Amino acid sequence: MEQVAQFLPLIILFVIFYFLIIRPQQKQQKSHAEMLESLTKGDKILTSGGIYAEVVKVEEDFIKIKLNDTNIVKLDKAFVSKNVEA
């Protein structure tokens, strides 16, 4: 019984750590992945570099975005920060 009592604070600390850090981070990663999968042509996005752009074409790992009327660039999907509602 004493051995269990010795590990009880460690177990409680792990449970608190899980609910305050690990679980919210997993939810955030899941919602970001769902947002990336739902990207379609014409969506307005914000990149992690702070650039607002419009999606021109969605590919497997990359998307083509239009920065202005003349510049279209290829961007890794991981660098899409969020989908901006117009």
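May I have the pair-distance distribution P(r) for the chain, computed from all Cα-Cα distances with 10 Å bins from 0 and rounded to whole percent?
16, 35, 17, 13, 10, 7, 2, 0
Label points 7 Å out from Cα along the Cβ direction at ILE22 and ASN83: separation in nm?
3.0
Angle between the Cα long axis of helix 2-17 and the longest principal axis of the chain, 0 to 90 degrees, nearest 10?
With both axes taken from Cα atoms, the answer is about 20 degrees.
When the chain is fully extended, how far beyond the present Cα-Cα distance does ASP76 get from ILE11, taking 0.36 nm per residue of separation?
Computed gain between ASP76 and ILE11 is 19.4 nm.
Helix-only estimate, please: 222 nm mean residue ellipticity of the chain, summing -39500 (n - 2.57) across DSSP H runs of length 4 or more and dividing by its residues, to the nearest 500. Each step should come with its number before you reach the end.
Numbers: 2 runs with 31 residues, N = 86.
After summing the helix terms and dividing by the residues of the chain, the value is -12000 deg cm²/dmol.
Compute the acute angle (0 to 90°) between the alpha-carbon long axis of helix 23-37 and the principal axis of greatest extent of the alpha-carbon atoms of the chain; round to the nearest 10°.
Long axis of 23-37 versus the principal axis of the chain: about 20 degrees.
Using Cα pairs closer than 8 Å and at least 6 residues apart in sequence, work out the relative contact order for the chain, in percent.
23
Give me the extension gain from LYS57 to SER38: residue separation times 0.36 nm, minus the current Cα-Cα distance, reported in nm with one decimal.
Contour length minus Cα-Cα distance gives 5.6 nm.
Rg and Dmax of the stretch 40-86, using alpha carbons, in Å: what are they?
Using the Cα atoms of the stretch 40-86, the pair Rg, Dmax is 9.3, 25 Å.
Quick check: Cα centre of the stretch 9-27 to Cα centre of the stretch 49-86, how many Å?
34
None of the figures in this text is laboratory data; all of them are computed from the coordinates on show. Since we're looking at a predicted model, the values are computed, not measured. Cβ atoms come from the backbone with ideal geometry, glycine included; neighbour counts cover every protein chain shown.
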